[in-house]
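Reading through the structure tokens given below for one structure.
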Amino acid sequence: FYVINEVVVKRLGHLPIYKGDFHLLPAKVQRFVAEKAELMRPRGIYICDGSEHESEEIMDKLVERGMLAPLKAYHNNYICRTDPKDVARVESKTWMVTRDKYDTVCRTPEGVEPLMGHWMSPEDLSVELDSRFPGCMAGRIMYVIPFSMGPVGGPLSKIGVQLTDSNYVVLSMRIMTRVTLNVFDVLGNSDFTRCIHSVGLPRPVKQRVINHWPCNPDRVLIAHRPPEREIWSFGSGYGGNSLLGKKCFALRIASNIAKDEGWMAEHMLIMGVTRPCGQEHFIAAAFPSACGKTNLAMLEPTLPGWKVRCVGDDIAWMKFGADGRLYAINPEAGFFGVAPGTSKKTNPMAVATFQANSIFTNVAETADGEYFWEGLEDEVKDKAAHPNSRFAAPASQCPIIHPKWEDPQGVPIDAIIFGGRRPEGVPLVVETNSWLHGVYTGACLKSETTAAAEHKGKQVMHDPMAMRPFMGYNFGKYLQHWIDLDQPGRKMPKIYHVNWFRKSAEGKFLWPGYGENIRVIDWIIKRLDGVEGIGKETPIGTVPTPESLNLEGLEGTKLDELMSVPKQYWTEDAKEVRKFLESQVGADLPAQLRQEMDKQEERINAM
Ligand code: GTP
Ligand code: SPV
Ligand code: MN
């Protein structure tokens, strides 16, 4: 490391500053850095500027140490293996800290433990922090990462500063967010989101470090203080736990800001779809983790003349404009995508995106220095890659990145799609009857669990709005916020539900998915256009009539099985959903949604 500005300052108290000029930071940032350095006692401070040179310097150091290895078949691609105990988000150790418990969780009936949202009191947090953070960076460097979620200075964008002792996090944050000292010019003396992260393994290290991946799995804590706009993360280096701009800031903290300011922070992809006639629509879609957002956002249409362009693959910040339309930005700058199942056949655009300047975590490597995972090629060689192995790649490298993906004003959304992994009973696509019915349908979202979090086995779980792991506040109030967005003068997007994952009695997917999903989008856009005679009403919404779905060139589709709305299944589902909403949202369930629930159940019973 080299020291710049030697003359001006190279120490903060007793601490050397390895890089950057502390005195150029805004006063509030200085105070934040100084306070936390005093708490965590690193051996020095490094103020990141986000430059390529900086990234190269850190890469080289990590390669030397064995934490990263170049994947020789590509330009500037690296592989990293974590401690096998640190491979996914840890929902059970992720907390929202509010004075009033019911700002975080719903008022559930007596004796019912709230499952949505995980509350901790400020007093308990103090105890947890005191037992972890003092001295936790001993012997390590504290990196200061200034970053913007959304284009720097944009009206919908927000600024954060992350402190971390993980250089893997520094490199990944640089891909996933906009890391630049310019954010300080925009920030001035205003407030920012404070992100504090430590791998939780001060030196000298007392336990064995596996794969050169320092972490402290037994002591993991990810805590959010929404009123203070502050995030504390300890013990894990895995993406969703450590790249604090992503789920912690852009969803859990931002959803709180969004509620107060009247906008939305959602677990949604954003895509532009252009029809053969040249007309473009923008669609946002919320699927739970590892349920197909990245794939849909970069879909390569199998129907001729169609074009899809990607705006974002995981998170959308959306706000109504003066013209009454809902505008969305992608607050991120990169993709942190699921590797298994990603191939030239299923998602060629993702493959093209990560040919260079990307970091692969927990994938396998071939003897030729190539990445490898299940589903990369037709034949499965082995299972050496973890099911939640991931790539981090710059969005700008995506060949079909939308020219407006960095438009600070965002793109106007015409439709919102919900979906999940539903092996049974749930049709390929349904159009909801109204904004309110759409919100109800989103509240009922369920999906089979995946490897993205720590849940064991495959079980269909509730994941309302695909936000269960990312809810920043009381879920009933969140639903009310969605309902209240529907105001006179606004053009509300139509809301759909899709299911690419319905299975036959033999356990095979009934729908080919991936590029063929354009056929469903085609139907959705026809519906947006008001094309008549293509919908059939069912108790859960409108499904395509058999002829209305373009199946040209697609043999053997069992449309009846794919589209059916079985009475028995939905009768049981209605009961189960009622139980879920009444017990889990409880007294906070908005009256309008209770009415939607009653009406839908009546329709099902009348089938
Ligand atoms: P997160 O990054 O965790 O939020 O996931 P995501 O929602 O972006 O999911 P992603 O697109 O990465 O897909 C997850 C897994 O589902 C991958 O293994 C995909 O290959 C698979 N998948 C995606 N789309 C489809 C589809 O249309 N059909 C089928 N059968 N599988 C799909
Ligand atoms: C998800 O799990 O939904 C992800 C990956 O997108 S993580 O950043 O770990 O949350
Ligand atoms: Mn996600």
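Which of the peptides 277-287, 31-41, 159-169 is most tightly packed, and how do the rest follow, going by the mean number of other Cβ atoms within 10 Å of each residue?
159-169, 277-287, 31-41
Relative contact order of the chain: what whole-number percent is it, with Cα pairs under 8 angstrom and at least 6 residues apart? Don't skip to the answer; put the middle values down first.
Details: 1359 pairs, mean separation 89.7, N = 607.
So the answer I get is 15 percent.
Rounded to the nearest 500 deg cm²/dmol, what is the calculated helix-only ellipticity per residue at 222 nm for the chain, with -39500 (n - 2.57) per DSSP H run of length n ≥ 4?
On the way: 15 runs with 140 residues, N = 607.
Helix-only estimate at 222 nm: -6500 deg cm²/dmol.
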Cβ-based net charge around GLU113, under 14 Å, with every Lys or Arg adding one and every Asp or Glu removing one: +1
Express in whole angstrom the spacing between the alpha-carbon centres of the range 292-366 and the range 519-573. 25
How far apart, in nm, are two points set 7 Å out from the Cα along the Cα-to-Cβ line at GLU576 and at ARG490? 3.2
The simple spin-label model distance between ASP130 and MET607, using points 7 Å out along Cα→Cβ, in nm, is 5.6
To the nearest 20 debye, what is the magnitude of the charge dipole of the chain about its Cα centre, counting +1 on the Cβ of each Lys and Arg and -1 on the Cβ of each Asp and Glu? 980
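Looking at the chain, send over the antiparallel percent of its DSSP beta bridges, to the nearest 5.
Details: 61 of 97 bridges.
If we restrict to bridges inside the chain, about 65 percent are antiparallel.
Taking every eigenvalue of the Cα gyration tensor of the chain, multiplying by 5 and rooting it, what semi-axes result, largest first, whole Å?
Values: eigenvalues 321, 148, 105 Å².
After diagonalising the Cα gyration tensor, the semi-axes are 40, 27, 23 Å.
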Given backbone amide H placed at 1.01 Å from N, residues whose amide H is under 5 Å from that of ASP314, ignoring those fewer than 5 places away on the same chain, are ILE270
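Averaged per residue, what accessible surface does the range 280-429 expose to a 1.4 Å probe, in Å²? Please report the intermediate quantities before stating the final value.
Details: 4840 Å² over 150 residues.
Dividing the accessible area of the range 280-429 by its residue count gives 32 Å².
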May I ask what percent, to the nearest 5, of DSSP beta bridges between residues of the range 296-407 are antiparallel? 95
Return the percentage of antiparallel bridges among DSSP beta bridges fully within the range 43-163, rounded to the nearest 5 %. 60
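The values are calculated or read from the model by the stated rules, or taken from the named source; none is laboratory data. Here the structure is a predicted model, which is why all the values come from computation and not from measurement. We place every Cβ from the backbone using ideal geometry, glycine too, and count neighbours over all the protein chains shown. Note: accessible area is taken over every heavy atom of the protein model, side chains too, but ligands, DNA and RNA are not part of it. Shrake-Rupley method; radii C 1.70, N 1.55, O 1.52, S 1.80 Å.
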